[in-house]
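Values in this text are rule-based calculations from the coordinates and carry no lab data. Only a predicted model underlies this, so the values are computations on that prediction, with no experimental measurement involved. So basically every Cβ, Gly included, is an ideal-geometry build from the backbone, and we count neighbours across all protein chains shown.
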2 protein chains.
Amino acid sequence: MRTLQEYARIVNDRLAQIPEITPEGSAGIGKLPGLLSASMRYSLSAGGKRLRPCMLLAAVELLGGSVEDALDFACAVEMIHTYSLIHDDLPGMDDDTLRRGRPTNHVVFGEGQAILAGDGLLNCAFETMLAQASCRLDRAADSLLAMREIATGSGVTGMIAGQVLDLWCEREKTGGEAELECIQYGKTACMFIYPLRAAGRLCRATEAQMEALTAYGRAFGLLFQATDDLLDVVGTVEDMGKTLGKDARSGKLTCISAYGVDGTRALVERLHAEAVRALDSFGPDADFFRALADDMVGRTK
Amino acid sequence: MRTLQEYARIVNDRLAQIPEITPEGSAGIGKLPGLLSASMRYSLSAGGKRLRPCMLLAAVELLGGSVEDALDFACAVEMIHTYSLIHDDLPGMDDDTLRRGRPTNHVVFGEGQAILAGDGLLNCAFETMLAQASCRLDRAADSLLAMREIATGSGVTGMIAGQVLDLWCEREKTGGEAELECIQYGKTACMFIYPLRAAGRLCRATEAQMEALTAYGRAFGLLFQATDDLLDVVGTVEDMGKTLGKDARSGKLTCISAYGVDGTRALVERLHAEAVRALDSFGPDADFFRALADDMVGRTK
């Protein structure tokens, strides 16, 4: 299996070629060929680590599949993740002005255009998967089941449900551990679980493999979020590229507000153990995924 | 073939059953089971005529296909149309407070929740199509090509491109006939053309049939928009269920601003003739679609 950096390079190379998000891609809309693609690319190229698409590709290789066949599904996952950040940062939502060390999309392009850039990325994720799938109609059923996993993860019982609960708890200044778990499962874990499950569908994984990927995705996703919450308190702006301490100041529901710093450190250890245990059946082939979980814990040390 | 009202009843019955948008559908997100589905249903059940999904179903029957197999694709088209209205009405976009005679989504649920209701409907459209397609894996290739048509219509070279250009022209107080044509093609015509093309894919239409559906969809969509622009000037609030004369006051680019009332009436006649001509090869079987075009012109008389 490759390194995270190698997978990220493959994803970035492909993202740069997807016609709808190249400068030439939105030709034919009058005097304005570039604004939509520019606003989508602005956030898409903001220097994320491409963790979710890389994990999808690594899972495909773990299961004996081909990176090339899965690549547009991986890019779609990154587009969906990026759209969710753009909309999350909007004044009507979290009202954030800094993301990955740069002004957020609506600060640069205006609120209306940022809404459309997000809509465009979500729609384009499906356009991209469907374009790839249309080239491989002999594998149409696998593609369809993979797309369905991704749509479920980003959907109204997954990521969007988490966003709704998060927004509501913040507005009503309410919520406890039960709400926190639902929010972090929906907003964060689902976009790890379901892309991994999509990899499983593309490779016709067994039910046992699907369950292992799901368990790892859940534990890793919650670990990722707990680590993020912890670093909002113990990290530095340079490391994180975003406004720090904001969660605490805004009274936002986080692992810190629910469990405190020490409780969150204990949770991080527990989720790490859970993630690693979920990989047992894959043996040493899954070292890529073990290392990811280790790195996550390492950032908080 | 059935009447528009019969198709609309079929669509409404099915929309009421789609699990993600029933009150029980978003269970499992803490104390907040109903808010997301309620906000999606609020706009989805605001009393639209279901024109786009009905036309998809009618095209399926015209081509000898089964309404049952196409029904979730039709519902998806209505969800996409509805999401686009919710986002279009947002303060960062058109800032409308009245739609189909009721307060707009963000007026009732707040801006953040309205953004998420729109996101939810767009994502749910794909969830719904993929769920249906997963039950018919023997027809996976047809489903996939149909979904691709719909995604293209609502996408970054279709509907969203039109929205971007519209927003930009309004903000910059610019644009002429060329921009107007692009906006109305993207924002309005694409969501007629591509659902009709999706019907064609589901029924394995011939290339000649696909071209006829495309030509009709384009002419009908532009006719629909020209009629709408005309009624904004010559219609009544009761007929339209929305604020009238707003386009003119806001200096928005419309058929009226570009061609005047008489010029728009002439355009309506021309587009009607074009729509009807596109149906020639289907013979009397296409009377449903002829009647739709006739009705559109009739509203302006």
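At an R0 of 22 angstrom, the distance between the Cβ atoms of residue B:66 and residue B:208 translates into a FRET efficiency of 0.50.
Here A:191, A:93, A:79, B:1 are placed in order of increasing Cβ neighbour count within 10 Å, fewest first, which gives B:1, A:93, A:191, A:79. Taking every alpha-carbon pair under 8 Å whose residues sit at least 6 apart, chain A reaches a relative contact order of 17 percent. Across A:121, A:130, A:222, mean-square fluctuation computed from a Gaussian network of chain A (C-alpha pairs under 10 Å connected) peaks at A:130.
Derived scalar couplings between HN and Hα for region A:10-17 equal 4, 5, 4, 4, 6, 4, 5, 9 Hz in order, rounded to whole Hz, by the Karplus curve 6.51 cos²θ - 1.76 cosθ + 1.60 (θ = phi - 60°), x for Gly and Pro. A Förster radius of 30 Å combined with the Cβ-Cβ distance from residue B:5 to residue B:250 puts the calculated FRET efficiency at roughly 0.30.
Each residue of region A:278-293 was assigned a 3J(HN,Hα) from its phi angle through the Karplus expression (A = 6.51, B = -1.76, C = 1.60, θ = phi - 60°), giving 4, 8, 3, 5, 7, x, x, 4, 8, 4, 3, 6, 5, 4, 4, 5 Hz with x at Gly and Pro.
Each eigenvalue of the Cα gyration tensor of the protein assembly as shown, multiplied by 5 and square-rooted, gives one semi-axis; in descending order these are 41, 27, 21 Å. When residue A:181 is represented by a point 7 angstrom out along its Cα-to-C-beta vector, the spacings to that point in the other copies are 6.0 nm, nearest first. Of all aspartates and glutamates in the structure, the ones whose alpha carbon falls short of 17 Å from that of residue B:301, not counting any fewer than 8 places away in one chain, are B:228, B:229, B:232, B:238, B:239, B:262, B:269. Between residue B:22 and residue B:95, the modelled labels are 4.1 nm apart [label points 7 Å from Cα along Cα→Cβ]. The calculated FRET efficiency for residue A:234 paired with residue A:12, based on their beta-carbon distance and R0 = 25 Å, is about 0.25. Listed by chain and number, the aspartates and glutamates placed with their C-alpha closer than 12 angstrom to that of residue B:49 are B:6, B:78; residues fewer than eight positions away on the same chain are left out.
Across region B:55-71, computed HN-Hα scalar couplings (Karplus, 6.51 cos²θ - 1.76 cosθ + 1.60, θ = phi - 60°) run 5, 4, 5, 5, 5, 4, 5, 4, 8, x, x, 9, 4, 4, 5, 9, 4 Hz from first to last residue, x flagging Gly and Pro. Summarising the amide proton neighbourhood of residue A:99: residues at separation of 5 or more, or on other chains, whose placed amide H is nearer than 5 Å comprise A:104. Here the Gaussian network model covers chain A, with springs between Cα atoms less than 10 Å apart; of A:131, A:161, A:189, A:131 fluctuates the most.
A label point on residue A:68, set 7 Å along the Cα-to-Cβ line, lies at 4.2 nm from each of its counterparts in the other copies, closest listed first.
Residue and distance for the chain B Cβ closest to the axis that moves B onto A, in whole Å, come to B:140, 2.
Using only Cα coordinates, the Kirkwood hydrodynamic radius of chain A works out to 19.6 Å. Between copies, the label points at residue B:100 (set 7 angstrom from Cα along Cα-to-Cβ) are spaced 3.7 nm, reported in nanometres from shortest to longest. Working note: Cα gyration tensor of region B:132-273, eigenvalues times five, square-rooted, sorted largest first, giving semi-axes of 32, 16, 14 Å.
For the pair residue B:280 and residue B:257 in one chain, pulling the backbone fully straight at 0.36 nm per residue adds 5.0 nm over the alpha carbon distance.
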